[in-house]
Amino acid sequence: MLSILEPFDRPVTFGLIVLLGLVAILLIWHVHNKVKHYLKERYSLLEADLSKDPVTRLAGKDALTLQLQTECRRAIREYSPLSIIGVTLTESEPLERDVKLVSMVLKQLLHRPGDIVYRLDDTTFILLLPSTNERVLAFCERCHGELSRANITVSTKVSVCTFQPSAELNDQHVLAKLQRLIESNRRQNKEAIMSLIEQPIDPSVLHDDL
């Protein structure tokens, strides 16, 4: 026993053991923080992934609302129009293959940075198109045509609102207007494109490169 304790009588050896102990504690603390940070990132990614629609992998209403808030503020600041399109399926419980086909077609139609497609509910897709003027009607015609040729077993309807920058432009105002237009379009007996286009009061620089 004395032979084991004898080295601790030497200050240098004792100091070395203390130093190694501190290094071990710091190493454990560092590894703990790294693991904690890694798990936090993984949980964040998991939560973001779970918020997406499991069939189309598109973001849903919460993501749409947040992005729409940003785009409304940008539209007012930059004095540019904002268009939003609702694509609805006429069946209340569409087949999964039809939902996937619609999602694929809509994603392929969007080429500009900032244009995003969301799945609002079982039968409704939303396309958010910042800095987009009245030429959005030509885009809607192309969108409706591509969907008609996509071997989808249900018909689709397209409803579009274009808003000019104003004090009342916000996400609630935009979604309420679009929802009313979608419901009005649903009551039509045939496939249709229905629009509500606000005209600019003053000349402005608008993007028309759809």
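The values are calculated or read from the model by the stated rules, or taken from the named source; none is laboratory data. Note that this is a predicted model, so its numbers are computed, not measured. Glycine also receives a Cβ, built like all others from the backbone with ideal geometry; neighbour counts cover every protein chain displayed.
Scan the stretch 78-96 for residues that are in contact (Cβ under 8 Å) with a residue 40 or more places away in the chain and more than 17 Å from the chain's Cα centre (by Cα) and the total you get is 11. Taking the condition of a type outside the set (D, E, K, R), loosely packed, with under 15 Cβ neighbours inside 10 Å and at pLDDT 75 or above, does I76 pass? Taking the combined requirement at face value, the residue does not satisfy it.
Return a yes/no flag: does the stretch 9-21 have any residue that is more than 27 Å from D115 (Cα to Cα), at pLDDT below 90 and not in a helix (DSSP H, G or I). Outline the logic, then answer.
Step one: filter the stretch 9-21 for residues more than 27 Å from D115 (Cα to Cα), giving 9-21.
Narrowing the set further to residues that are at pLDDT below 90 leaves 9-21.
The next check asks that each one be not in a helix (DSSP H, G or I); those that pass are 10.
Scanning the stretch 9-21, I find at least one residue that is more than 27 Å from D115 (Cα to Cα), at pLDDT below 90 and not in a helix (DSSP H, G or I), so the answer is yes.
Anything in the stretch 125-141 that is in contact with a helix residue (DSSP H, G or I) (Cβ under 7 Å, 6 or more places away or on another chain) and free of Cβ contacts under 8 Å to residues at least 60 places away in the same chain? List them, or say none.
Pass one, the stretch 125-141, residues in contact with a helix residue (DSSP H, G or I) (Cβ under 7 Å, 6 or more places away or on another chain): 125-130.
Within the stretch 125-141, L127, P130 meet the criteria.
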